[in-house]
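The values are calculated or read from the model by the stated rules, or taken from the named source; none is laboratory data. The model shown is predicted, which means the values in this text are computed figures rather than measured ones. Neighbour counts are summed over all protein chains in view; Cβ atoms, including those assigned to glycine, are modelled from backbone coordinates with ideal geometry.
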Amino acid sequence: MKVIKIDKKEWAKGLERLSKTYQLFGPAKHEAFFVFKALEDGELPDLDVQNTRLSPRSVIYPQSEKMFEYTLDEDQEDHHILKEIDKEYSSRAIIGIRPCDAKAFLLVKRNFDAPEYKDPYWIKSYEATTLVGHGCNAPCSCCFCTTAGCGPFHEEGLDILLVDVDDTYLAKIITEKGDRLLAAAGWDTKTDTATNDPIENMKEAAEAKITSMVSTDQLKDKSTTDLFEASFWEDVSFACINCGTCTYVCPTCWCFDIQDETHGLSGIRMRNWDSCMYPLFTFHGSGHNPRDTKTQRVRQRFMHKLKYYVDKYDNGIQCVGCGRCVRFCPVNIDIRRVCDLMNSFEL
Amino acid sequence: MLSYIDKIKEISRRLLKESKVDMVIGFRKGTVVMMNEPCFVKTVADVDKLVWDSNCGINLANYLANRTEKIGIVAKGCDSRNIVTHIIENKIKRDQVVIIGVPCKGMIDRHNIEAMAEAEIQEVIETDDTIQVKGAGFEKTLDKKEVLQENCAICVHRNPVIYDELVADEVKEQTDVDRYEDVRHIEALSPEEKWDFFEDLLSTCIRCYGCRNACPLCYCPTCFVDESRPQWVGKSQDSTDIRTFHFLRAYHCAGRCTDCGACERACPMGIKVRLFTKKLEKDCLELFDWEAGLTLEKRPPLDTYRPDDPDEFIR
Amino acid sequence: MQNPYLPYPVRIEEIITETEDKNLKTFKLVFLNPDDENKFNYNAGQFAELSIAGKGEIPIGIASSPTEKGFLMFTVNKVGLVTSHLHNMKPGDIMGVRGPLGNWYPWDIMEGKNVIIIGGGFAFTTLRSSIIYMLDPANRPKYKDIHVIYGARTPGMLLYRDELSEWEKRDDIHMHITVDATDDPNWKYNVGFVPTITDQKAPSGNTDTYAIVCGPPIMIKFTQPVLDKLDYAHDHIIMSLEMRMKCGIGICGRCNIGKEFVCKDGPVFTLDQLNSMPKEY
């Protein structure tokens, strides 16, 4: 695996060259917090960010996304027929994505890119996107990535890993996509004698800073129905107000709703993020609702992330330990606590 | 205010022991700084997990609606006003609740404090008047009065208006506050400026409905934004739909909102949603001399008719 | 990449009001592009999303049989926004169909076996598909005895009444039609709830006999003990579930029971499978 050195003085120029062929996204400060946004001409990603408030999932999977269009005008030959919309999937790159957020795309990919069905919108968008990660030297106190199958320098899911070393970025090229991006940026890559050692050292130092942990080793062996019927759910869910914050800030949540919106005689079919926290999510036309109470809905969220996903894919939990839901839950429901309750549950 | 907890526990133990209530609703220690989690306590043994400090801003009245048990509930001034509103609106019966009143000196604004710190705050130590925050390479002691939630800083009903037990002597109510400075500022804007102001205000809304769901007033079985027959509001990130949600929600709270700040506290995007409800609160005060949740004896202005209504069309 | 969310355009060919309360209508749909019919290759027990531009989609079991060519048939109960709109549509109107979706009754496993179909109310749609499929001359020899126990509240609430009476006349299918109650003096079939009639008419369970059960929750609840009494093993009891769905392809996240998505891993499950899943449906 190749590691090159990018002189920080050359950083902006390379990004400018890159912006000719890639649409660039990156963290930027918005009022009191950071978000991922499309970078304007000459705007640099703010790599000082600890963690953005929202994950970059919307770069690949927008909160509202058009799927089809239609006309209801019966004078038109194709009235009432849904038609695909031309969509733009030119190259784009997220510069300064955290390793946890990049890994999250891989977890979500199992859902959108399944053997039986392929979600064309997500897949095309994902394939068009190059993920340039930024190693996390100063993780937040509620990051628990190292025990959630990820880590501050985790490479899985990234195309390039950037590591901030004094006046240079070390760039570890992980995939061909990453290689192509570097070529387009045209940084001087002659000095590719840089070794992997500083990265390894910084990685160890960063991992040591993460003190928040979860235990997940027993989840797979627990009985689904026993966990489902466990008595702790009432206590876990009591404070929940059933807002969608945890699911919307989460990089690994993927649920959506499909809606038609008509204006005059023309309209679109679109999808919008949805949340298992909302009663309407599972509300039958008949009035029946299998998840009618908030306890059932809270249980669904945690069971999905920490049990159903584990059983379905046999590849860890549906969580990368980014800590956003912990920080932003308005009533302090903490997935770390629930995970430990589930992992240590005995009948 | 920190000493309240002994009394809260003593009362809770007594209520549970004497079976006066089936559960006490209060707060337990949070897992992150400046956060506590609403919880219920059903046994005397569990009472010790209750806490009280300046991180108890969530309005606990939100946890009362439609419950059938007998409930002891810890209530600040604003919580008590929302309990009054709940009783008036038949969401809970007066004899179903034992209100453990807490004279309140205000809750702290964690988002604001976080924004003031150089780096992530890892530890917070509270005394009666100060908040000491610590993080990697910094330490700061803040005057609590300076870092209150905005609604607390201008609160004029810190003492519970209705209670069965009181955990301490009443605190002095604030009289020298200007409650509506921000509203007047917006009222003075031109229509174009107002439009821009609100567009900017709501530009980061992700429609998580945290504001609505944290609000004790928002207990409708189906909110108008969720209604599908007819569908009043689109479900996308369209700015008209987002505005419609916020404006209409605020109107639904007119004459009912106690400015408890739950909505603003809950918003993950830091949107000042109280600006909407406060305008209507101000109107209710000016037009009907009404403040929500102060008495069980009078009906709120929007669900009653008075011959001296200020508007001509209705007289 | 094929877009699995894009419906095939279809034209409503015929609308039949099925029940006396007029809440159930059968829609016969014809593909606008004949090629699409070949792509829509389905098995009895599957469902499809009916799509109405401007209103949305609804998952509905396919009532026609794969042995019936040239059209698709869906019987739709009027409950929500989309179904109410559909009930007001007319022959000739254009709409969409997306599918086929979900799994189907295990026709390969049931080959050479007896099949008992137990249905109640408007859940008889995919059961009609199944009966037509099995009665097709090419398929009938593959199955041994076929029993059908089908009940509705009143005679006027039975679906596909003409076909029911045709099947009654045949000797290669044992029909046990029932109604909860009736004051019709000409009613010549059973009176009683489905579980009761099952108890009286269904053959005992054995390794060579499969029961397919579809109906309202209350019917299923009381039929299950009867099947237990008749010695049906739980992996020989096959059920089809209903859930709120949107995507129909296991992606949008709402219709799960445990780790299974009803739209993709179901809607057909054996009782044995359901027993190991959370009771959340």
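Summary table
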item	result
Of the criteria (1) in contact with a strand residue (DSSP E or B) (Cβ under 7 Å, 6 or more places away or on another chain); (2) among the aromatic types (Phe, Trp, Tyr); (3) assigned to a loop (DSSP other than H, G, I, E, B), which one A:Tyr121 fails	(3)
Residue match in the range A:290-309 (condition: in contact with a helix residue (DSSP H, G or I) (Cβ under 6 Å, 6 or more places away or on another chain), within 27 Å of C:Glu57 (Cβ to Cβ) and either away from chain C (no Cβ under 11 Å) or part of a loop (DSSP other than H, G, I, E, B) (or both))	yes
Strands (runs of 3 or more DSSP E) wholly inside the range A:4-87 that include at least 1 residues being farther than 30 Å from C:Val97 by Cβ and aromatic (Phe, Trp, Tyr)	A:23-30, A:33-38
Residue tally, condition away from chain A (no Cβ under 14 Å) and part of a loop (DSSP other than H, G, I, E, B), over the range B:38-80	4
Unique residue being farther than 21 Å from B:Ile5 by Cα and in contact with a strand residue (DSSP E or B) (Cβ under 8 Å, 6 or more places away or on another chain) when the list is B:Val124, B:Val156, B:Val133	B:Val133
Sole exception among (1) surrounded by 17 or more Cβ atoms within 10 Å (Cβ to Cβ); (2) within 11 Å of chain A (Cβ to nearest Cβ) for C:Ser84, by number	(1)
Unmet criterion (only one of (1) within 27 Å of C:Lys78 (Cα to Cα); (2) among the charged types (D, E, K, R); (3) away from chain C (no Cβ under 13 Å)) for A:Arg337	(1)
Strands (runs of 3 or more DSSP E) contained in the range C:1-115 and holding at least 3 residues within 15 Å of the chain's Cα centre (by Cα)	C:24-31, C:47-52, C:56-61, C:72-77
Residues that are within 14 Å of chain B (Cβ to nearest Cβ) and under 18 Å from A:Cys136 (Cα atoms), drawn from the range A:37-55	A:Asp48, A:Val49, A:Gln50, A:Asn51, A:Thr52, A:Arg53, A:Leu54, A:Ser55
Selection from the range B:255-278 of residues that are in a helix (DSSP H, G or I) and within 14 Å of another protein chain (Cβ to nearest Cβ)	B:Ala262, B:Cys263, B:Glu264, B:Arg265, B:Ala266
Residue within the range C:189-196 that is in contact (Cβ under 8 Å) with a residue 12 or more places away in the chain, surrounded by 23 or more Cβ atoms within 10 Å (Cβ to Cβ) and within 13 Å of chain A (Cβ to nearest Cβ) present	no
Search result, residues across the range C:201-255 that are farther than 24 Å from C:Tyr189 by Cβ, in contact with a Ser or Thr (Cβ under 9 Å, 6 or more places away or on another chain), crowded, with 21+ Cβ neighbours inside 10 Å and within 14 Å of another protein chain (Cβ to nearest Cβ)	C:Glu242, C:Arg244, C:Arg254, C:Cys255
Subset of the range A:56-68 [within 12 Å of another protein chain (Cβ to nearest Cβ) and surrounded by 17 or more Cβ atoms within 10 Å (Cβ to Cβ)]	A:Arg57, A:Ser58, A:Tyr61, A:Pro62, A:Ser64, A:Glu65, A:Met67, A:Phe68
Criterion violated by A:Arg271 - all others in (1) among the basic types (Lys, Arg); (2) facing chain C (nearest Cβ under 9 Å); (3) surrounded by fewer than 21 Cβ atoms within 10 Å (Cβ to Cβ) satisfied	(3)
Search result, residues across the range A:242-266 that are within 11 Å of chain C (Cβ to nearest Cβ), touching a Leu at 6+ places or on another chain (Cβ under 8 Å) and surrounded by 20 or more Cβ atoms within 10 Å (Cβ to Cβ)	none
Those residues of the range C:178-189 which are outside any loop (DSSP other than H, G, I, E, B) and farther than 21 Å from C:Lys229 by Cα, in sequence order	C:Val179
Pairs where the first residue, in the range A:152-175, is under 16 Å from A:Lys2 (Cα atoms) and surrounded by fewer than 22 Cβ atoms within 10 Å (Cβ to Cβ) and the second is of a type in the set (Asp, Glu) and modelled with pLDDT of 95 or more, C-beta under 7 Å, 6+ apart	A:Ile174/A:Glu155; A:Ile174/A:Asp159; A:Thr175/A:Asp159
Matching residues, the range C:43-57, being buried (at least 24 other Cβ atoms within 10 Å of the Cβ) and over 21 Å from C:Leu241 (Cα atoms)	C:Ala53
The range A:78-112: number of residues that are at the interface with chain C (Cβ under 10 Å from one of its Cβ atoms) and touching a residue at least 12 places away in the same chain (Cβ under 8 Å)	5
The lone exception for A:Ser237 - which of (1) within 14 Å of chain C (Cβ to nearest Cβ); (2) of a type in the set (Ser, Thr, Tyr); (3) within 30 Å of B:Ile25 (Cβ to Cβ) it fails	(1)
Leading residue by the ranking (nearest to the other protein chains (Cβ to nearest Cβ)) among those in the range B:205-223 that are part of a loop (DSSP other than H, G, I, E, B) and without any contact (Cβ under 8 Å) to a residue 60 or more places away in the chain	B:Tyr209
Residue check, A:Lys29 without any contact (Cβ under 8 Å) to a residue 40 or more places away in the chain, basic (Lys, Arg) and touching an Asp or Glu at 6+ places or on another chain (Cβ under 8 Å)	yes
Selected residue (only one of B:Asp200, B:Asp182, B:Asp226, B:Asp196 is within 14 Å of chain A (Cβ to nearest Cβ) and assigned to a helix (DSSP H, G or I))	B:Asp200
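The rows are residues; the columns are (1) at pLDDT below 95; (2) within 30 Å of A:Val49 (Cβ to Cβ); (3) in contact with a Cys (Cβ under 8 Å, 6 or more places away or on another chain).
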residue	(1), (2), (3)
A:Phe232	no, no, no
A:Ala239	no, yes, yes
A:Thr245	no, yes, yes
A:Leu265	no, no, no
A:Leu280	yes, no, no
A:Leu306	no, yes, yes
A:Asp311	no, no, no
A:Cys329	no, yes, yes
A:Asn343	no, no, no
